[in-house]
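> Starting off with a structure, shown below.
The values are calculated or read from the model by the stated rules, or taken from the named source; none is laboratory data. The structure displayed is predicted, hence computed values, not measured ones. When the accessible area is computed, the model is the full protein with side chains, heavy atoms only, and any ligands, DNA or RNA have been set aside. Shrake-Rupley method; radii C 1.70, N 1.55, O 1.52, S 1.80 Å.
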Amino acid sequence: MIKAQGITKAYGSLSVIKGVDLDIHKGEVVAIVGASGAGKTTLLQILGTLERPDSGELIFGESKPMLLSDRKLSAFRNKHIGFIFQFHQLLPEFTAIENVMIPALISGKKKNEIIDRASALLDKLNILDRANHKPSALSGGEQQRVAVARALINQPDLILADEPSGNLDSKHAKELHELFFSLRDEFKQTIVIVTHNEELARMSDRRLTMVDGRFSS
């Protein structure tokens with residue numbers, strides 16, 4: 001589903017990604033682990049088309065998204081990729097359901113259909129009763145479930161999660177980890193997770209370790 005070949009990325013004189021090759025298959029849950037500063041998040045941003053590599057090629061299905069203009073790349077990202085971050089990145093002025101709806105509104109879908117889809121996702125994630133609460137009125141676990149629903153709203157091919165349970169207590173982290181695998185089983189989602197959580201890494205189909213900008217053998 002995704003093929004990265006010879007990916008490099010530097011910021012000034014600091015080389016962060018040093019020739020990474022990676023194949024990800026549809027329906028896989030892949031965990032990327034490694035010490036802080038190893039390049040995990042930068043690689044995730046490149047896979048998510050948020051950053052362009054300095055060299056190398058990213059193939060997404062039959063597409064080469066890095067050849068697109070910035071405007072077309074944004075549309076590609078909105079359609080094909082969902083993101084889950086450690087600190088949720090929910091907009092504080094909007095309710096839970098409004099936060100979930102935002103990517104679908106950007107894509108131009110019909111509002112009634114978006115409301116139905118957002119409600120169904122919140123129900124699936126057992127937080128429909130919190131739909132009209134703003135993030136400040138939600139617990140950390142509830143906020144992260146809203147972020148998961150937002151990532152799923154456009155039915156993307158790929159979910160990218162950067163330390164998704166890093167800000168949760170052990171109970172909510174375990175629930176989130178189990179949720180990823182139920183989503184994979186039900187929706188055939190492909191999920192790539194950057195994590196320091198060894199339990200989550202062990203649960204994944206593959207555990208890849210980054211060391212100094214490369215995958216270790």
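> If you average 1/r over every pair of different alpha-carbon atoms in region 25-103 and take one over that average, what Kirkwood value in Å do you get? Could the numbers behind the result be given before it?
Details: mean 1/r = 0.0676 Å⁻¹.
For region 25-103, the Kirkwood estimate is 14.8 Å.
> Kindly express, to the nearest 10 degrees and within the range 0 to 90, the angle between helix 96-107's C-alpha long axis and the longest C-alpha principal axis of the chain.
Its long axis makes an angle of about 60 degrees.
> Please compute the per residue accessible area over region 104-173 with all protein chains in place, 1.4 Å probe, rounded to a whole number of Å². Can you show the working numbers first?
On the way: 3370 Å² over 70 residues.
About 48 Å² of surface per residue is accessible.
> Using only Cα atoms, tell me the angle between helix 111-124 and the longest principal axis of the chain; keep it within 0 to 90° and round to the nearest 10.
80
> While we're here: In whole Hz and in residue order, list the ³J(HN,Hα) couplings for region 3-13 that follow from phi through the Karplus curve 6.51 cos²θ - 1.76 cosθ + 1.60, θ = phi - 60°; x for Gly and Pro.
9, 10, 10, x, 6, 10, 7, 10, 10, x, 8
> P(r) for region 27-168, please, calculated from all Cα pair distances in 10 Å bins and given in %.
11, 39, 34, 15, 1
> Still on this model: Roll a 1.4 angstrom probe over the protein heavy atoms and tell me the percent of accessible area of the chain that is carbon or sulfur.
Numbers: 5290 of 10510 Å².
Answer for the chain is 50 percent, counting heavy atoms of protein chains only.
> May I ask you to derive the relative contact order of the chain, considering only C-alpha pairs under 8 Å and at least 6 residues apart, and to give it as an integer percent? Intermediate values should be presented prior to the final figure.
Details: 403 pairs, mean separation 69.6, N = 217.
RCO, the chain: 32 percent.
> I've got another one for you. Compare 143, 89, 189 in a GNM of the chain, Cα atoms joined below 10 Å, and give the one with the largest fluctuation.
Evaluated over the chain, the most mobile residue of the options is 89.
> Still on this structure, please answer the following. Take region 136-217, drop everything but the C-alpha atoms, weight them equally and run the Debye formula without solvent; then report log10 I(q)/I(0) at 0.11, 0.15, 0.21 Å⁻¹ to two decimals.
-0.31, -0.57, -1.05
> Hey, another quick one. Which whole-number value in Å² is the accessible area per residue of region 1-102, probe 1.4 Å? If you can, show how the numbers build up before the last one.
Details: 4840 Å² over 102 residues.
Value returned for region 1-102: 47 Å² of accessible area per residue.
> Amide H to amide H under 5 Å from residue 209: which residues, 5+ apart in sequence or cross-chain, H placed 1.01 Å off N in plane?
Correct list: 33, 216.
> Moving on to the next point. What are the lysines whose alpha-carbon lies under 19 Å from the alpha-carbon of residue 110, with same-chain residues fewer than 8 places away excluded?
Within reach: 79.
> Continuing with this model, one more query. In whole Å, largest first, what are the principal axis extents of the Cα atoms in region 75-120?
Computed over the Cα atoms, the extents are 29, 25, 18 Å.
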